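*Asks:* Take a look at the following structure, please.
The values are calculated or read from the model by the stated rules, or taken from the named source; none is laboratory data. Remember, predicted model here, so these are calculated numbers, not experimental data. Cβ placement follows ideal geometry from the backbone for every residue including glycine, while neighbour counts extend to all protein chains displayed. In case anyone asks, the SASA skips ligands and DNA or RNA and just uses the protein heavy atoms, side chains included. Shrake-Rupley method; radii C 1.70, N 1.55, O 1.52, S 1.80 Å.
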Amino acid sequence: MSTPIFIRNASQLVTLQGSSDAPRVKGEMSELGIIENGSIWIEDGVIQAVGTDVELFEKYSGRLDEAEVVDASGKLVTPGLVDPHTHLVFAGSRENEFNMRLQGATYMEIMNSGGGIYATTRRTQSATHEELFQESYERLNQFLRHGVTTVEAKSGYGMEWETELKQLEVAKQLNDKHVIDVVSTFMGAHAVPKEYKQNPDEFVRLLIDEMIPKVAELGLAEFNDVFCEHGVFTPEQSKQILEAGLRYGLIPKIHADEIEPYEGAELAAEVGAISADHLLKASEKGMKAMADKGVVGVLLPGTAYFLMAESANGRKMVDLGVPVALSTDCNPGSSPTVSLPFIMNLGCLKMGMTPAEVITATTINAAHAINRGREIGSLEVGKKGDVTIFNLGNYMKLQYSYGVNHTDTVVKNGQVVVRGGQLVEELSLS
C-alpha cells in the first residue's frame, strides 16, 4: 500500500474529463474541464477523487494524517504530459548538420550525402546496449523535469535487425527501470539502407518477411511506423509495410507528408492508422480523410522550427475535425529537444492553435495517439495518478511565457517524482 497523495487547492485544475473513449475534435479541444480551487486524491497509484478542495476535504478529512499533502495553491495542475512521437533511443548528436543547414543545405541533401538518419544509424549501430540505455535514461530524466510522464519511443536507427532489436530492447528496459512509461514503436522503415538503394523493394521484403514477424513474436513493440516520403518509401511500399504489421497485430503509424505532398495522410486513413505524424504538406483531401476516420494528427512544430520550414497547418486541421496532438519529435537531427511545454508554445505561435487546444493536444489527444486514452491524459477517477503541476496561476500563462520550464511538481503513478523542479531522488545513472 503506497501513501495516498492529496493535491490541494489548485488555482486551476485542468481535468479534461469525459474523453477516454475518443480524442477531442473541433470545439471540444477548448473544453478543459477546469475546476478552480481544485483538488485530487490519489491512492495506490490511481485517482480516487477529483473536485473542489471543499468537497475533497470533507470527504477525506479523517485521513489527512496518512496522506502526503501537496499544496498547489496559486498553481496550475494538469494531467501528466504525454509525448506521442519520439526517437528516444539513439547515440550521438548532429550539431555539425545544424551549421550546414544554416549555410543553406537541406535536410534531404544532408541525408542523401550520408548524413542525417544515416549518421545517427552508424553511431547507434556501434554503441553498446549499456551506452544506449544510459544516454536514453538521462533524456527521460530531462523529459520528466519538463512534466512528461509518458513517451512513445521509435526504433529506426538500425536499418538492420541487430540494431533495431537493440533499440527495442533498450526501450523495454527503460520502461521497466524508469518512472516514465515508455511505449514502443517499430520503425525499421525509417530509411532505405545504402546497400538497398538500387533495389528498395528487396529491403521492403526484408521488413515484411523477417523483421516485422520477429518484432511481433518477441512482443517488443505495439506500433509499426514508416517514413512515407519521396526518396524514402513510396505510398505503395508504405502500405505494404503497414498492412504487414497489421497482420502481426502491430498498429499502424505513419510519418506523412513532411517534406512534400505525398498522399501520406490519405494512406493513413486508408489503412486505419492510429496516427499520421508531421503533415507539414498534407493535402486538404488528406486532412478530411483523417477527420472522417478519426486518425490523430500528431504535429511536430519543433521539427519545422529547427529545420526553418513552415509548420503544419494546425489551425486548419482542428477546424476540419482532425483530432490533433503535439509532440517534441525528440531526435538528434531535426528536433533535439525534450521540452514539450516549448512545443505547446510553438503550437500557438507557429500553427495558430489556442492555449486550451495545445493542452488538449499534449494530454488526452496525445494519449489517444498511442492507444492510452483510457489510462492517462485526463484527471478522472480510475485513471493513473499522473499529474503535472506548473508554477503558474492559470493555463494561459503557460503559453504566454514561452521557452521557460515552469514545471514545479510531477506525480507519476501516485508518487511525487519531481518537486520544486528537481528530481526527488537521483534518477540519473552514475
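*Asks:* State yes or no: is Glu109 assigned to a helix (DSSP H, G or I), among the charged types (D, E, K, R) and touching a helix residue (DSSP H, G or I) at 6+ places or on another chain (Cβ under 7 Å)?
*Replies:* Working: assigned to a helix (DSSP H, G or I): yes; among the charged types (D, E, K, R): yes; touching a helix residue (DSSP H, G or I) at 6+ places or on another chain (Cβ under 7 Å): no.
Taking the combined requirement at face value, the residue does not satisfy it.
*Asks:* Since Glu58 meets every condition but one in (1) of a type outside the set (A, V, I, L, M, F, W, C); (2) touching a Phe, Trp or Tyr at 6+ places or on another chain (Cβ under 8 Å); (3) free of Cβ contacts under 8 Å to residues at least 60 places away in the same chain, which condition does it not meet?
*Replies:* Only one criterion is unmet by Glu58, namely (2).
*Asks:* A further question follows. If I ask for residues that are at pLDDT below 95, more than 18 Å from Ala356 (Cβ to Cβ) and either among the hydroxyl-bearing types (Ser, Thr, Tyr) or within 18 Å of the chain's Cα centre (by Cα) (or both), which ones from segment 376-408 would you list?
*Replies:* none
*Asks:* Still on this structure, please answer the following. Among the candidates Ala216, Ala244, which residue alone is small (Gly, Ala, Ser) and over 20 Å from Gly264 (Cα atoms)? Break it down stepwise before answering.
*Replies:* Numbers: Ala244 fails: over 20 Å from Gly264 (Cα atoms).
From the options Ala216, Ala244, the qualifying one is Ala216.
*Asks:* Right, something else. Name the residue, out of Val70, Val89, that is more than 24 Å from Pro301 (Cα to Cα) and either in a loop (DSSP other than H, G, I, E, B) or open to solvent by 10 Å² or more (accessible area, probe 1.4 Å) (or both). Walk me through it before giving the result.
*Replies:* Details: Val89 fails: more than 24 Å from Pro301 (Cα to Cα).
The conditions single out Val70.
*Asks:* Take Thr124 and tell me if it is in contact with a Ser or Thr (Cβ under 9 Å, 6 or more places away or on another chain), at negative phi, buried (at least 24 other Cβ atoms within 10 Å of the Cβ) and modelled with pLDDT of 95 or more. Give the steps one after another, and end with the answer.
*Replies:* Details: in contact with a Ser or Thr (Cβ under 9 Å, 6 or more places away or on another chain): yes; at negative phi: yes; buried (at least 24 other Cβ atoms within 10 Å of the Cβ): yes; modelled with pLDDT of 95 or more: yes.
Yes: the conditions hold for Thr124.
*Asks:* Right, here's the next one. Take segment 17-57 and flag every residue that is among the acidic types (Asp, Glu) and within 19 Å of Asp386 (Cβ to Cβ). Outline the logic, then answer.
*Replies:* Looking only at segment 17-57, we keep the residues that are among the acidic types (Asp, Glu), and these are 21, 28, 31, 36, 43-44, 53, 55.
Within segment 17-57, Asp21, Glu43, Asp44 meet the criteria.
*Asks:* Take the residues in segment 1-58 that are in a strand (DSSP E or B) and among the charged types (D, E, K, R), then tell me which one is surrounded by the fewest Cβ atoms within 10 Å (Cβ to Cβ). Don't jump to the end; show me each part of the working.
*Replies:* Going residue by residue through segment 1-58, those that are in a strand (DSSP E or B) are 5-14, 34-43, 46-52.
Retained after the next criterion (residues that are among the charged types (D, E, K, R)): 8, 36, 43.
Details: Arg8: 21, Glu36: 12, Glu43: 20.
The residue in question is Glu36.
*Asks:* Now for a different question. Test Val416 against the criterion of being β-branched (Val, Ile, Thr), under 23 Å from Val70 (Cβ atoms) and touching a Gly at 6+ places or on another chain (Cβ under 8 Å), and give yes or no. Write out each step before concluding.
*Replies:* Numbers: β-branched (Val, Ile, Thr): yes; under 23 Å from Val70 (Cβ atoms): yes; touching a Gly at 6+ places or on another chain (Cβ under 8 Å): no.
The answer is no for Val416.
*Asks:* Can you list residue pairs whose Cβ atoms sit under 9 Å apart, with the first residue in segment 173-186 being within 20 Å of Gly156 (Cα to Cα) and the second being of a type in the set (S, T, N, Q) and in a strand (DSSP E or B)? Count only pairs 6 or more apart in sequence or on different chains.
*Replies:* Asn175/Ser184; Asp181/Thr149; Asp181/Thr150; Val182/Thr150; Val183/Thr150; Thr185/Asn224; Phe186/Asn224
A quick yes/no check of all residues on (1) under 25 Å from Val89 (Cα atoms); (2) out of contact with any Asp or Glu (no Cβ under 8 Å at 6 or more places or on another chain); (3) open to solvent by less than 10 Å² (accessible area, probe 1.4 Å):
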position	(1), (2), (3)
Asn313	no, yes, no
Lys316	no, no, no
Leu320	no, no, no
Pro323	no, yes, yes
Leu340	yes, no, yes
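*Asks:* Working only within segment 134-165, note down all residues that are in a helix (DSSP H, G or I), open to solvent by 10 Å² or more (accessible area, probe 1.4 Å) and either within 25 Å of Lys412 (Cα to Cα) or free of Cβ contacts under 8 Å to residues at least 40 places away in the same chain (or both). Break it down stepwise before answering.
*Replies:* Let us first name the residues in segment 134-165 that are in a helix (DSSP H, G or I), namely 134-145, 161-165.
Now narrow it down to the ones that are open to solvent by 10 Å² or more (accessible area, probe 1.4 Å): 134-135, 137-139, 142, 145, 161-162, 165.
Of everything in segment 134-165, those that are in a helix (DSSP H, G or I), open to solvent by 10 Å² or more (accessible area, probe 1.4 Å) and either within 25 Å of Lys412 (Cα to Cα) or free of Cβ contacts under 8 Å to residues at least 40 places away in the same chain (or both) turn out to be Gln134, Glu135, Tyr137, Glu138, Arg139, Gln142, Arg145, Glu162.
*Asks:* Checking Asn96 against (1) open to solvent by 10 Å² or more (accessible area, probe 1.4 Å); (2) part of a helix (DSSP H, G or I); (3) farther than 21 Å from Val338 by Cα; (4) not basic (Lys, Arg): exactly one of these is not met. Which one?
*Replies:* (3)
*Asks:* For residues in segment 239-270 being part of a loop (DSSP other than H, G, I, E, B) and not charged (D, E, K, R), which is least open to solvent (accessible area, probe 1.4 Å)? Break it down stepwise before answering.
*Replies:* Restricting attention to segment 239-270, the residues satisfying the condition of being part of a loop (DSSP other than H, G, I, E, B) are 248-250, 257-263.
Filter once more, keeping what is not charged (D, E, K, R): 248-250, 259, 261-262.
Numbers: Tyr248: 111, Gly249: 56, Leu250: 5, Ile259: 62, Pro261: 91, Tyr262: 46 Å².
If we take residues in segment 239-270 being part of a loop (DSSP other than H, G, I, E, B) and not charged (D, E, K, R), then Leu250 is least open to solvent (accessible area, probe 1.4 Å).
*Asks:* Condition check: in contact with a Lys or Arg (Cβ under 7 Å, 6 or more places away or on another chain) and under 22 Å from Ala325 (Cα atoms). Does Ser184 satisfy that? It would help to see each step written out before you state the result.
*Replies:* Details: in contact with a Lys or Arg (Cβ under 7 Å, 6 or more places away or on another chain): yes; under 22 Å from Ala325 (Cα atoms): yes.
Against the criterion (in contact with a Lys or Arg (Cβ under 7 Å, 6 or more places away or on another chain) and under 22 Å from Ala325 (Cα atoms)), Ser184 qualifies.
*Asks:* Quick check on my filter: what residues within segment 206-220 are part of a helix (DSSP H, G or I) and within 23 Å of the chain's Cα centre (by Cα)? Spell out how you get there, then give the answer.
*Replies:* We begin by selecting, within segment 206-220, every residue part of a helix (DSSP H, G or I); these are 206-218.
Correct list: Ile212, Val215, Ala216.
*Asks:* Now a separate question. Would you pick out the residues in segment 283-312 that are assigned to a loop (DSSP other than H, G, I, E, B) and either within 15 Å of the chain's Cα centre (by Cα) or closer than 21 Å to Glu243 by Cβ (or both)?
*Replies:* So the first thing to find is which residues in segment 283-312 are assigned to a loop (DSSP other than H, G, I, E, B), and the list is 283, 294-295, 300, 307-312.
Of everything in segment 283-312, those that are assigned to a loop (DSSP other than H, G, I, E, B) and either within 15 Å of the chain's Cα centre (by Cα) or closer than 21 Å to Glu243 by Cβ (or both) turn out to be Gly294, Val295, Leu300.
*Asks:* Could you list all residues from segment 233-262 that are among the hydroxyl-bearing types (Ser, Thr, Tyr) and within 14 Å of Ala216 (Cα to Cα)? Quick ask: steps written out before the conclusion?
*Replies:* First, the residues of segment 233-262 that are among the hydroxyl-bearing types (Ser, Thr, Tyr): 234, 238, 248, 262.
Answer for segment 233-262, where residues must be among the hydroxyl-bearing types (Ser, Thr, Tyr) and within 14 Å of Ala216 (Cα to Cα): just Tyr248.
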